[in-house]
């Protein structure tokens, strides 16, 4: 079951470079939230009940519900719908994503360390690279936000690999999630989105040499 | 004692938020900086040792950088009082409260003995700094704030992956640097390499070095100049301390040489970046920020070389802290006189504020590592270490890049002081209240470079090899 969830998680990451609609991005983020909740329940069942409840609440309430709702609201409010001005074609993004997947598998294979669950490590590395690819290739700031959320989900997934022994690290990851996501979504929603409709990152050029 | 320090910071910040008048705000902040300085003096006098808090230790590294912050932050606060004259009371409240919280967060970074706690406090600095950058509430400051939060968040998330990897290595043991050094010695080298790269890449946004240096430069441009004096020095030091501590963990492993090489490469690219962009930029605060990138690059190279060059790296960072803050604070006066920071439209500052122009030239020369600057000693030691390790290409490239830096730096300072421009502001009063603190900072550089009392040398050597 755990492996099936992780494979589903990888599928969401592979789908990420193919899609160009922001609603799909939001659905992927919500789906990842649900998958992470499932993984947390299966992986961390030995934890203290309250700690477990905290993790599940964070993944379900925050990642799977609140963040997607905020993103959907942003889509409705700003009218942004799809990647009108992509930095590279979907094909290039897919090729890069597959290269990232291959690189993650190779690194994981060569590390092959018994101290850490290598499946979690490999998928987290792929999530990190997928997030960075999305941030680098797409011009719309909305895509950058999604890229960051994907990256953060990857970090959270990896925290679960070591979380059985070090639950404090999971709590820190949760704090990172909530604090930064709230801050970034807040700035994005109330300031950036309000003052600049439909923005591309190449319009943020007031600060330069 | 440390707990009291954190509590005082939180109460002071809350008090500033609640202060109804500017006078009250001023007294509250002054009280905080006075206590902070007294705290630093007390720790130096009492010596290093354990704190009452589990995750913090009064070690030499922490005490040195805390003392530097205790010197720089009150001066930056004093300048802020003078600089922020058009702001509303609420804007001032937020600015000063965040200033205090930034100092408290950095205190946590400096004294933390645990990799996860360091990370948490570095994250806290992001929140405080973002608020300070957004102070003006203009489109430009909004853009800078967004970029700062975004890039720092990405950097911090990447660094957290490195922390998690170290957590995995410790296998349930504690995450203290001492504990990590023990577990890392037996760890898989590839694992360690990945963890180290993630942490250096992530923390580079704080230390203003390659790869995420851009965000510090943008932040300094958008933030009020006295805040830039803090961001470009004590915040950068926070990044330096964090990387130094992780590097110490790596020293006990089989890949310590490799880790040193990573730092050398990152440092060299940072020096290259500084050299190229100091020539290109037309904004005086960005120009000073690229100088920070260059200087931190030299410090990273020193760290990477190891041996006595680590002492030089620490001395370099300490010297840079006092000199760069003096430059930024004086730049705030020049910027206010001219009403802008466009390098090509700045000039004749010698006729506007003669003592101020002298400060620029003296601090500039010291920053360019002319003797008796502490940076002269540090760079000579780093070059000597390169020669001793027979890294001739590295030595040649670094010297060449530093020549370019010197030329561009001197050119812009001379242009600021002597260039003839159409719009020259009226002659300024010397303003000794503002001049004296900057002179004190420059004098501190002389203490580091010329006098260097025995206890200070021993202290810095301790920072370089205490573990």
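What follows is calculated from the coordinates using simple rules that are stated; it is not laboratory data. It should be emphasised that the depicted structure is a prediction, and the values quoted were computed from it without experimental measurement. Cβ sites come from the backbone with ideal geometry, for glycine too, and all protein chains shown count toward neighbours.
Normalised Debye scattering of the protein assembly as shown at q = 0.09, 0.12 Å⁻¹ gives log10 I(q)/I(0) of -0.75, -1.36, counting only Cα atoms as equal scatterers and leaving out solvent. Between residue B:27 and residue B:140, the FRET efficiency estimated from the beta carbon spacing at R0 = 56 angstrom works out to 0.95. For the residues of B:147-157, the average number of beta carbons from a partner chain within 10 Å of their own beta carbon is 5.
Annotation for residue A:11 and residue B:3: the two label points, set 7 Å from Cα along the Cα-Cβ direction, are 5.2 nm apart.
Rounded, prolate or oblate: pick one for the range B:295-361, where a ≥ b ≥ c are the square roots of the eigenvalues of its C-alpha gyration tensor, a/c under 1.5 means rounded, and failing that, prolate if a/b is larger than b/c, else oblate. Taking the square roots of the gyration eigenvalues as a ≥ b ≥ c, the range B:295-361 is prolate.
Between residue B:336 and residue B:10, the contour length at 0.36 nm per residue exceeds the alpha carbon distance by 114.2 nm. In terms of other Cβ atoms within 10 Å, B:203, B:33 run from fewest to most in the order B:33, B:203. Neighbouring Cβ atoms from other chains, within 10 Å of the Cβ of residues in B:133-145, number 3 on average. Report the residue, chosen from A:64, A:99, A:112, that carries the largest GNM mean-square fluctuation when chain A is represented by alpha-carbon nodes joined by springs under 10 Å. Most flexible of the set in this elastic network: A:112. For chain A, the longest principal axis of the Cα atoms and the long axis of helix A:118-137 meet at an angle of about 10 degrees. Set the Cα radius of gyration of chain B against 2.2 N^0.38 Å, with N its number of residues, and you get 0.92.
Diffusion of the range B:115-161 by Stokes-Einstein, at 25 °C in a medium of 0.890 mPa s and with Rh set to the Kirkwood radius over alpha-carbon pairs, works out to 222 µm²/s. Summarising the label geometry, the points placed 7 Å from Cα in the beta-carbon direction at residue B:455 and residue B:440 lie 1.9 nm from one another.
Between the helical axis of A:67-78 and the longest alpha-carbon principal axis of chain A there is an angle of about 10 degrees. Each 10 Å bin from 0 upward holds the following percent of the Cα-Cα pairs of the range B:255-296: 33, 40, 19, 8, 0.
What list do you get for B:439, B:212, B:161 if you sort them by fewest beta carbons within 10 Å?
Ascending Cβ contact count within 10 Å gives the list B:439, B:212, B:161.
If you wrap the tightest convex hull around every Cα atom of the range B:245-376 and split its volume per residue, you get 98 Å³. Each part reduced to its alpha carbon centroid, the range B:363-384 and the range A:130-185 end up 42 Å apart. For chain A, the ratio of Cα radius of gyration to the globular rule of thumb 2.2 N^0.38 Å stands at 1.03. Among the residues of A:119-127, the average count of other protein chain beta-carbon atoms within 10 Å of the residue beta-carbon is 2.
In plain terms, the residue of A:139, B:429, B:92 with the fewest other Cβ atoms within 10 Å comes first and the most crowded comes last, giving B:429, A:139, B:92.
Derived from the Cα gyration tensor, the three semi-axes of the equivalent ellipsoid of the range B:171-286 are 32, 16, 9 Å, largest first. Eigenvalues of the alpha-carbon gyration tensor of the range B:194-242, scaled by 5 and square-rooted, set the equivalent ellipsoid semi-axes at 22, 11, 5 angstrom, largest first. FRET efficiency for the residue A:95 to residue A:62 pair, using the beta carbon distance and R₀ = 30 Å, is estimated at 0.35.
Computed on the range B:82-221, the Cα convex hull volume stands at 103 Å³ per residue.
The alpha carbons of the range B:18-169 give a radius of gyration and a Dmax of 17.2, 53 Å, in that order. Our note on the geometry: Cα centres of the range B:195-256 and the range B:24-92, 20 Å apart.
Which order do the peptides B:257-270, B:382-395 take when ranked by the mean count of other beta-carbon atoms within 10 Å per residue, highest first?
Output ranking for B:257-270, B:382-395: B:257-270, B:382-395.
Cα centroid separation, the range A:53-79 to the range B:260-334: 41 Å. Taking the Cα of residue B:20, stepping 7 Å toward and past its beta carbon, and measuring to each backbone N in the range B:64-96: which are under 20 Å? Residues B:88-94 qualify, since their backbone N sits under 20 Å from the label point.
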